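I have placed the structure first, in the form of structure tokens, so that the comments after it can refer back to it.
The numbers here are math on the coordinates, done by the rules we state, and not lab data. None of these values were measured; they are calculated from a predicted model. Methodologically, a virtual Cβ is constructed for each residue, glycine included, from the backbone with ideal geometry; neighbour enumeration extends over all protein chains shown.
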Ligand SMILES: [Zn+2]
Ligand SMILES: [Zn+2]
């Protein structure tokens, strides 16, 4: 009989698995890749065969359907029939954390890959980060200069071997290797390099490790304060790599879903409720944990006395991650552990937060890119994202492929990286590079527009602008396979159709159109960007409305009062949270993106709605300054931590409830059953839960993100679907 397997069945070690099972059961027939499916012919024992396939399915394979057909041909043997040469693989795999079998070999003294840091097999290892072109063969990866030794060649050719046709196969004899270097680039040799590096980290040295898709800065967790001083990052949260899942439980209160995600083949950084090690993320209620995902990490932990270490991307925040030794040496660490395999594609670690079974991607990169998202149109649309947390996207053949996390478009390195990654993504996924349209954000000042212009001119493709929050809304719709919803788009700042900065929006949105039906009150961003960096200016502007002076007096206040008249206006929920965080003295100094709102979240998580405020909503505009006026009349400092938490929660709930009520009202009017929540502020769990409760009580359902990043990492997808639909109708 003939069996046709559909799903993720190519390039994932599926055929060799079929071969091994058929051989074991002494079946005759063949297995063959056909299109995007796998065709198998066997002569008997179908039930036993299928049972075995299910049992031994490679971890990254997924069968969605099996079709059975009659086939009475007879064969003498069971064979893997090779597909025609040059056939394009339907799916380029992403980087997959080391599998259990490889891990076992790593620590088996009798195995020829004992302590070999590049150990991998058909179902695990670096993929996207080392692929230079398709079809996915060794000569088109960064492994091309490592010629297979005889033993590896034998494994590569043997269908019964786990590494049959594994393009990145290697061993200590023929593969890449690590060497140790000191801060003066002096080569300290290969012998025991990892062991010596571990010893130095234990004594408190700051190290650089070259991994798959980039370089990490690392240090002992007992030395975080020295590390912060050296790095010039007094407050920023650092990811912590822990030895294993048991150790992870020491630092974070891990739910069953979070445990699964930490152990998954994707191996992202997961934000978890923090139990200890406040220095890792000062003032936040979460800690970013992840598990070793390469052979190197596993070997390193076997030598380290410490059970956890700081492991953070070595780059200036927002700039592209460094990939070469030369760049690494310029950062002046104490000790370097570098290997001799180039990094063709840098891929940062992914960062994920879970909420009630939903996946919020803060950064979607290693372990997920280039997994496509299915769409209904065929148009080839290239979109370049917004200004911060940029990703690019290209659609074709009813799929959108998003690039890895790029960075902040104000840096030249990030802009270069955006162009390069889009070209690479096109090369890997398109038969011929053709672009029907290019999309950019409406903001005239974003440098991502330069990249849009380059592609638009090169491919003579029309260039479209899409409003920022509509793009957020569309990205949420496609994430949920919906056509229309009322959507709360809440974030830091996005350029509005009226020239003001939006970010506290209620939009009735579909792919063809959006209607802005409500928003928070506009407040002046005193001095523009300066108000984002120094939130005291926001508080000053809010209270000036009531004739009160906060934070600034005398000539300073006078100057600011003058600047206010010329300042841009913003109705962003992010800025409201910044102002509140500063007003309540939780945090007034911003040293990294999102710091104030994130520190406020800790208070929101502990707060109760003990205070009530009057709120006016006129013509869909929620008057937020009035809440500040009321709180100022109400409180008598000093406040306890508990009071601060309750006040913060009560104020945020008042504003967010009012915004949600506008959405609910519009849903009823337009006969829509869902309310959506998107934008950078939607990573905030207490705020998400405030919205959820209100929406539920109104008998509607809340939709949130799962595959597309909530924040600006999802903008390129929203831009793409809006223009894709426009061109298709
Ligand atoms: Zn493996
Ligand atoms: Zn070898």
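Label positions at residue 640 and residue 566, each projected 7 Å from the Cα along the C-beta direction, are separated by 4.8 nm.
Quote the FRET efficiency, to the nearest 0.05, computed for residue 59 versus residue 104 with a Förster distance R0 of 22 Å and r equal to the Cβ-Cβ distance.
Working: r = 14 Å, r/R0 = 0.65.
Efficiency at R0 = 22 Å is approximately 0.95.
For the residues 219, 124, 174, what sequence is obtained by ranking on other C-beta atoms within 10 Å, fewest first?
174, 219, 124
Note on region 31-85 and region 272-313: Cα centroid distance 42 Å, given to the nearest whole angstrom.
Residues in region 433-449 near a label at residue 593, defined as backbone nitrogen under 19 Å from the 7 Å Cα→Cβ point? Only 440-449 pass the distance filter. With neighbours defined as other Cβ atoms within 10 Å of a residue's Cβ, the residues 69, 112, 707, 353 order from fewest to most as 69, 112, 707, 353.
Once you keep just the Cα pairs under 8 angstrom separated by 6 or more residues, what percentage relative contact order results for the chain? The partial results should precede the final answer.
On the way: 1652 pairs, mean separation 81.9, N = 729.
Once normalised by length, the contact order is 11 percent.
Can you list, bin by bin at 10 Å, the percent of alpha carbon pairs in region 112-229, starting at 0? Here the calculated profile for region 112-229 is 12, 36, 29, 18, 5, 0.
The label point for residue 423 and the one for residue 358, both projected 7 Å from the Cα toward the Cβ, are 3.9 nm apart. Distance from the C-alpha centroid of region 593-662 to that of region 672-714: 19 Å, rounded to the whole angstrom. Relative to the dominant Cα principal axis of the chain, helix 14-24 is inclined by about 40°.
Across region 105-187, the relative contact order, built from alpha-carbon pairs under 8 Å that are at least six residues apart, equals 30 percent.
For region 428-484 versus region 522-567, the spacing of their alpha-carbon centroids is 36 Å. In a fully extended conformation the segment linking residue 195 and residue 316 would gain 40.7 nm over its present Cα-Cα distance, using 0.36 nm per residue. By DSSP, the beta bridges lying fully in the chain are antiparallel in about 75 percent of cases.
May I ask you to sort 472, 216 by Cβ crowding, counting other Cβ atoms within 10 Å and putting the fewest first?
Working: 472 36, 216 21.
Going from sparsest to densest Cβ surroundings: 216, 472.
If r is the Cβ-Cβ distance from residue 545 to residue 609 and R0 is 25 Å, what FRET efficiency results, to the nearest 0.05? The partial results should precede the final answer.
Working: r = 25 Å, r/R0 = 1.01.
Here the calculated transfer efficiency is 0.50.
Estimated purely from DSSP H runs of n ≥ 4, each contributing -39500 (n - 2.57), the mean residue ellipticity at 222 nm for the chain is -10000 deg cm²/dmol once divided by its residues.
For the chain, the longest principal axis of the C-alpha atoms and the axis of helix 46-56 are separated by about 60°. Treating each Cα of the chain as an identical point scatterer and summing with the Debye formula, the log10 of I(q)/I(0) at q = 0.06, 0.08, 0.11 Å⁻¹ comes to -0.39, -0.68, -1.23.
If R₀ is 51 angstrom, what is the calculated FRET efficiency for the pair residue 253 and residue 457, using the beta carbon separation as r and rounding to 0.05? Walk me through the numbers before you get to the answer.
Values: r = 52 Å, r/R0 = 1.03.
After rounding, the FRET efficiency stands at 0.45.
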